[in-house]
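Before any comments, here is the structure.
The values are calculated or read from the model by the stated rules, or taken from the named source; none is laboratory data. Here the structure is a predicted model, which is why all the values come from computation and not from measurement. Every residue, glycine as well, gets a Cβ built from its backbone with ideal geometry; the counts of neighbours run over all protein chains shown.
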Amino acid sequence: MLAATGAGAVVAALGLPGTATAQGGPRPVTRPLGESRVPVIGLGTFMTFDRRPGTDQAFIPAVLRAFHDGGGRVIDTAATYGAAEANTGHHVHALGLTDQVVLTDKSWNCGEYLFDDGHVLAQFARSRQRLHREVIDVVGIHSMTNVGMVLPVLNRLKGEGTIRYVGLTSHEPYQYEGMRPLIEAGAIDVIQIRYSMFQRSAEHGLLSLAADHGVAVMVNMALEKGRLHQVVGSRPVPEFAREAGCESWAQFFLSYVAAHPAVTCVIPATTNPDHVRENLLTMYRPLPDHRQRRRMLRYMEELPEFARIGVTPWYPGKTFPDGLVKLPQPHPVG
């Protein structure tokens, strides 16, 4: 049975405070998503939740439980992420969390002929079934694919009440310029973009434009698919960052991104529940101010390996043998 969730779903989700708040601790940093607010640290599922049936998936409910218990609410997935969308929906539902999280998804479709909306509608119907949802909170056009045809369809579904917010997604900065006119026209509610200490193209106007027009910003690749951690290696977190509340490198990298006032939610992915908890701590501590962010960036820029992130393959030292998605070998760079 599909959960009949609507505009109240996000509000209800945020009404469940998570462990820290329930015990009287600090409340998480939240940012606006439409008429609601969501915690600034979310969860991605690309590659990590892509596990074929019959393979070990025990870590998925463990990650989801740690995420929800720690106050996380926004979970991002896509039909094109292999088995990740189905696994996300199955395990979220099995844990009884379907109505207690914010689910963001994507549409990547063309059609059999011009203005054929059949593929978009069929994929959306499958996504609703997989996620056990009548209403999906956010649906973005994946990698800006066929925007001219798909966007009117998604906005029609939004008008019918089966999508709450419509958006655009990309991890390629060259596509950001194409987002600008749609932001300015008020045609979208959300963008999902790549933004990290290494890739800061979004700081050159896109983030401020989104903020000026009330468009939420979700962030992918904030950890550069493991490459920022590879740069710092076994170095300790610098003392100035520890004094600012960063106890780990993940918090160092995530807090830089989350501190930008235009950022709504950062969605790092992981297979490790301990890493989920570590990531979520970022939103319970004061985020760095402008001066602190500049110092953090200077520190990274002084490391010789930092400048080479763009030519270093994704996911250094990691493999994903049990998924449907097979990355090129060597892994992509950029």
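The table below gives the values:
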| item | result |
| --- | --- |
| Verdict on residue 79 being buried (at least 17 other Cβ atoms within 10 Å of the Cβ) and under 30 Å from residue 177 (Cβ atoms) | yes |
| Per-region count, the stretch 53-76, residues charged (D, E, K, R), crowded, with 17+ Cβ neighbours inside 10 Å and touching a helix residue (DSSP H, G or I) at 6+ places or on another chain (Cβ under 8 Å) | 2 |
| 1 or more residues hydroxyl-bearing (Ser, Thr, Tyr) and at pLDDT 95 or above: qualifying helices (runs of 4 or more DSSP H) within the stretch 1-114 | 84-94 |
| Unmet criterion (only one of (1) surrounded by fewer than 14 Cβ atoms within 10 Å (Cβ to Cβ); (2) closer than 18 Å to residue 244 by Cβ; (3) within 21 Å of the chain's Cα centre (by Cα)) for residue 288 | (1) |
| Residue tally, condition touching a residue at least 60 places away in the same chain (Cβ under 8 Å) and assigned to a helix (DSSP H, G or I), over the stretch 227-255 | 6 |
| Residue in the stretch 159-171 that is without any contact (Cβ under 8 Å) to a residue 40 or more places away in the chain and in contact with a Lys or Arg (Cβ under 6 Å, 6 or more places away or on another chain) present | yes |
| Some residue of the stretch 234-248 being closer than 20 Å to residue 63 by Cα and out of contact with any Gly (no Cβ under 8 Å at 6 or more places or on another chain) | yes |
| Matching option when the condition is crowded, with 17+ Cβ neighbours inside 10 Å and touching a Gly at 6+ places or on another chain (Cβ under 8 Å), among 300, 283 | 283 |
| Output for the stretch 159-177, where each listed residue is part of a helix (DSSP H, G or I) and either more than 20 Å from the chain's Cα centre (by Cα) or surrounded by 19 or more Cβ atoms within 10 Å (Cβ to Cβ) (or both) | 159, 160, 176, 177 |
| Selected residue (criterion: surrounded by the most Cβ atoms within 10 Å (Cβ to Cβ)) from residues of the stretch 136-158 that are more than 19 Å from residue 114 (Cα to Cα) and charged (D, E, K, R) | 137 |
| In the stretch 249-293, the residues that are more than 22 Å from residue 62 (Cα to Cα) and hydrophobic (A, V, I, L, M, F, W, C) | 249, 252, 253, 257, 258, 259, 262, 263, 287 |
| Residues (crowded, with 24+ Cβ neighbours inside 10 Å and more than 14 Å from residue 137 (Cβ to Cβ)) located in the stretch 88-106 | none |
| Out of 258, 244, sole residue that is more than 21 Å from residue 48 (Cα to Cα), surrounded by 20 or more Cβ atoms within 10 Å (Cβ to Cβ) and at pLDDT below 95 | 244 |
| Selected residue (criterion: nearest to residue 249 (Cα to Cα)) from residues of the stretch 184-220 that are among the hydrophobic types (A, V, I, L, M, F, W, C) and part of a loop (DSSP other than H, G, I, E, B) | 197 |
| Subset tally (residues that are part of a loop (DSSP other than H, G, I, E, B) and without any contact (Cβ under 8 Å) to a residue 40 or more places away in the chain) for the stretch 256-275 | 1 |
| Filtered residue count, the stretch 277-326, keeping only those that are closer than 30 Å to residue 54 by Cβ, of a type outside the set (S, T, N, Q) and assigned to a loop (DSSP other than H, G, I, E, B) | 13 |
| Residue match in the stretch 129-144 (condition: more than 16 Å from residue 76 (Cα to Cα) and free of Cβ contacts under 8 Å to residues at least 12 places away in the same chain) | no |
| Complete set of residues in the stretch 309-330 that are free of Cβ contacts under 8 Å to residues at least 24 places away in the same chain and surrounded by 14 or more Cβ atoms within 10 Å (Cβ to Cβ) | 313 |
